[in-house]
Structures are given as structure tokens and as C-alpha cells.
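The values are calculated or read from the model by the stated rules, or taken from the named source; none is laboratory data. Quick caveat: nothing in here was measured; it's all calculated off a predicted structure. Methodologically, a virtual Cβ is constructed for each residue, glycine included, from the backbone with ideal geometry; neighbour enumeration extends over all protein chains shown.
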Amino acid sequence: GAVVSQHPSRVICKSGTSVKIECRSLDFQATTMFWYRQFPKQSLMLMATSNEGSKATYEQGVEKDKFLINHASLTLSTLTVTSAHPEDSSFYICSARSTGGTGELFFGEGSRLTVL
Amino acid sequence: GDSVTQMEGPVTLSEEAFLTINCTYTATGYPSLFWYVQYPGEGLQLLLKATKADDKGSNKGFEATYRKETTSFHLEKGSVQVSDSAVYFCALVGTSGSRLTFGEGTQLTVNP
């Protein structure tokens with residue numbers, strides 16, 4: 001089946017630095033990718049919808065300047081957490097929708113961010 | 001808006017026990033329904049899906065039937081294994097778009 005890869009899987013950074021997480025669709029083109037955040041023992045919260053070649057659509061309450069999303073090609077979307085703080089520590093998961101089908105999404109392995 | 005409600009966890013079972021995780025939904029029209037599984041430290045994997053009423057999704061011994069009359073999509077397995085220990089998420093995609101709405105997740109632990 002379709003594969004979505006995230007990198008890095010784990011990252012530790014100091015408070016105030018910026019971190020970039022990549023999401024790639026390896027064997028299909030994805031015009032739309034989604035970024036989720038998952039807090040410990042909680043469900044996934046949709047942060048934003050990333051559209052290739054256009055601006056991302058952010059969910060209510062998600063800071064656009066804090067979580068920068070770029071979808072420069074049909075196989076790559078990036079999430080940059082700017083000026084990270086400890087409260088940004090979380091598990092970030094991306095997903096990509098394959099063309100056609102019933103809305104099935106393929107998920108990346110997730111990226112665990114720890115901000116010290 | 002669309003919503004998914006899952007049975008509260010955690011659920012702890014012995015190996016070979018029968019599993020049911022309840023899931024009900026609220027949505028307009030005829031959404032597509034999914035069960036995802038998340039193993040510790042990993043992303044989500046699609047377990048099974050159903051796209052119309054009365055469809056039964058199945059995979060790896062797990063089954064779920066799309067019940068329009070009760071707006072439910074309960075997950076079942078006749079005999080669980082230790083390797084089934086994971087968090088299970090019920091989800092739907094509404095007819096209005098591609099946005100996936102998740103339930104809260106149910107932690108399953110299977111003891112030998």
C-alpha cells in the first residue's frame with residue numbers, strides 16, 4: 001500500500017529554537033496532506049491542511065506563525081515549529097490522501113518533539 | 001459537525017478473549033468509517049474500513065459493521081493476542097470533504 005514517511009522520528013531541541021519535520025509520500029502524489037498533533041493518551045487533533053502550491057488551512061486555535069507549513073511539491077510537506085517551547089512537546093503525525101478512493105488517508109510514523 | 005464517540009478505556013483482556021470496542025458517530029449523510037490502530041511509539045495504521053451502510057470491514061481477525069440505523073461501527077475480534085495491544089481509533093470522513101474526524105482512542109492491553 002501507499003507509504004508516507006516522516007523525518008525525523010524523534011527530535012530534542014532547546015527552547016527558542018526552530019524544528020522542521022518533513023512528511024513525504026513515497027509512492028504516490030499527494031495534493032493534500034494533513035498535520036495532526038497528539039498529546040499523551042489523547043486523540044489526534046487536526047492542526048492544518050496542507051495544499052500543494054498554496055497556503056495551508058489552519059484549524060481554529062492553531063497559531064499560523066508558530067506552526068509554519070510548506071507544501072512545495074506533490075510529495076513533500078514540511079512543518080516547522082518556530083521558537084519552540086516546552087509546551088510544544090508532542091507527537092506530530094502527518095497524513096496524505098491518495099488520489100481517488102474513499103478518503104482513505106495514509107499516515108506517517110510520527111515525529112516526537114521534546115523541547116527542553 | 002461530525003463527531004465520533006468511542007468506548008472509554010483502557011481495556012485489559014486475557015489472551016484469546018473476545019474483544020468489543022464500541023464506536024458511535026454523528027454525521028450528516030453517509031460518511032465512510034474507519035478503524036485505525038496505533039502501536040506504541042508509532043504512527044497510525046488503517047485496520048479496516050466500510051464505506052456504506054451494512055458493509056463489513058475486516059482485517060487480521062478484526063471486524064466492524066457499518067450500522068446506519070444505530071450510527072455505530074463497533075470493532076470486534078473473537079480471540080485477541082498479546083500482539084493486539086495498542087490504541088484503537090474509530091474515525092470517519094464525512095460526505096462534505098476529506099477531513100478525518102477521530103474518536104478519543106481506546107487503549108487495549110492483552111495479557112498472556
Can you tell me which of A:Ser43, A:Ser83, A:Ser95 is surrounded by 15 or more Cβ atoms within 10 Å (Cβ to Cβ) and at pLDDT 90 or above?
A:Ser95
Which ones in region B:29-49 are within 11 Å of chain A (Cβ to nearest Cβ), closer than 15 Å to B:Gly94 by Cα and either without any contact (Cβ under 8 Å) to a residue 24 or more places away in the chain or part of a strand (DSSP E or B) (or both)?
B:Ser32, B:Leu33, B:Phe34, B:Lys49
Being outside any strand (DSSP E or B) and of a type in the set (Ser, Thr, Tyr) is the filter here; which residues of region B:50-102 pass it?
B:Thr51, B:Tyr66, B:Thr70, B:Thr71, B:Ser79, B:Ser83, B:Ser85, B:Thr95, B:Ser96, B:Ser98
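For the structure I just gave you, tell me whether A:Phe91 is assigned to a strand (DSSP E or B), hydrophobic (A, V, I, L, M, F, W, C) and over 11 Å from the mean Cα position of the chain (by Cα). I'd like the intermediate steps shown before the answer.
Values: assigned to a strand (DSSP E or B): yes; hydrophobic (A, V, I, L, M, F, W, C): yes; over 11 Å from the mean Cα position of the chain (by Cα): no.
In short, no.
One residue is enough: does region A:94-112 have a residue meeting the conditions away from every other protein chain (no Cβ under 14 Å) and over 17 Å from A:Ile21 (Cβ atoms)? Spell out the reasoning first.
The first filter runs over region A:94-112 and keeps only residues away from every other protein chain (no Cβ under 14 Å), leaving none.
No; the residues of region A:94-112 include none that is away from every other protein chain (no Cβ under 14 Å) and over 17 Å from A:Ile21 (Cβ atoms).
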Can you name the residue in region B:60-112 that is within 12 Å of chain A (Cβ to nearest Cβ) and in contact with a Cys (Cβ under 7 Å, 6 or more places away or on another chain) and, of all such residues, is surrounded by the fewest Cβ atoms within 10 Å (Cβ to Cβ)?
B:Gly103
